[in-house]
Amino acid sequence: MMTNIQCDIAPGAAPLAFLSARGLRFSLSPSRGGPGWGWCWGRLTAQATPSPPNPPLEGEGFYRALRFLVVVLLVAFLGACTVGPDYHKPDLAVPAAYKENADWHPSDWTRAQPGDAIKRGAWWEIFGDSTLNDLELQVDVSNQSLKQAEAQYRQAAAIVSSARANFFPTVGVSASGQRAGRYTTGSASSGGTVGSGTVDTSGSSHPTNTYSVPFTASWEPDLWGQVRRTVEADVASAQASAATLESTRLSLHAQLAQTYFQLRIIDE
């Protein structure tokens, strides 16, 4: 760095020694104005030395490790909030034919289809017994086991409706009213007789009416699929309850028919 300076010092003075001690090289032109103190022109050449690097701060390595740990935990947290994969029925390797049926052909058999939730209808009418028909109709009306299964199915269906309601905003509205005033009391006289007690003689004084209609609304978007997965689980539970209901109905009707025929056999 080159800097022009104007100094009012004499050669060999204390300021020159001070500059030399600071590592500054300088040169002075001959003094103008005679010996002793006078004006001089000089050129100061200062050579900047690089400053040593700053030592590492105490605990800096700990904070770096802490920041890295926070980033890792954040990534793990976001990964845990993602929606899981949809359920797929696992594939099962089934042979085309059993070894006992080497000559089996697919057209000879009909694959079974689950139909637990399908109503069977009045299948007992094929026996042509009017007494049995009347008894079977009473099962749907009076049997408590069937009533319990029906209540469980209705509960499962209500849970599905409640879970689906979380997809939509929730709105609440209520209304209230209030009337307030100041009343005074006094005495009344009639025919020279003063009656005792309190009588309202002035009525209300500046009554005020207050009305309020509070309104609330809230909605939580299903970003992480919690509501969607809950609905799927509740729907599966409702389907299982429906299958249980129809299976219970079929079992009770079949049990009644078997008991009825056994009694008829014993009577004969």
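Can you work out ³J(HN,Hα) from phi for every residue in region 232-247, in order, using Karplus 6.51 cos²θ - 1.76 cosθ + 1.60 and θ = phi - 60°, giving whole Hz and x for Gly and Pro?
4, 5, 5, 5, 4, 5, 5, 5, 5, 5, 5, 5, 5, 4, 5, 5
Please state the shape class of region 109-174: rounded when a/c is under 1.5, otherwise prolate if a/b exceeds b/c and oblate if not, all from the C-alpha gyration tensor.
Note, shape of region 109-174 comes out oblate.
As a footprinting exposure proxy, order 92, 69 by other Cβ within 10 Å, with the fewest listed first.
In order of increasing Cβ crowding within 10 Å: 92, 69.
Within the set of other residues whose C-beta is less than 15 Å from the C-beta of residue 263, count the net charge using Lys and Arg as +1 and Asp and Glu as -1.
-4
What lysines does residue 147 reach when the alpha-carbon gap must be under 28 Å and sequence neighbours fewer than 8 apart in one chain are set aside?
119
Calculate one ³J(HN,Hα) per residue across region 134-139 by plugging θ = phi - 60° into the Karplus curve 6.51 cos²θ - 1.76 cosθ + 1.60, and present them in order as whole Hz with x for glycine and proline.
Whole-Hz 3J(HN,Hα) from phi for region 134-139: 5, 5, 5, 5, 6, 5.
Counting only other residues whose beta carbon sits under 15 Å from that of residue 169, what net charge do I get with K and R as +1, D and E as -1?
Net charge around residue 169: -1.
Could you work out the local net charge near residue 128, counting Lys and Arg as +1, Asp and Glu as -1, over the other residues with Cβ closer than 15 Å to its Cβ?
After counting each charged neighbour, the total is -3.
Along Cα→Cβ, 7 Å out, is where each label goes; now give me the distance between the ones at residue 143 and residue 99 in nm to one decimal.
Calculated label separation equals 4.3 nm.
Could you list 224, 219 so that the one with the fewest beta carbons within 10 Å of its beta carbon is first and the one with the most is last?
Fewest-to-most Cβ neighbours within 10 Å comes out as 219, 224.
None of the figures in this text is laboratory data; all of them are computed from the coordinates on show. Every value quoted in this text rests on a predicted model; they were computed, and no experiment measured them. All Cβ positions, even for glycine, are placed from backbone atoms using ideal geometry, and neighbour counts span all protein chains on display.
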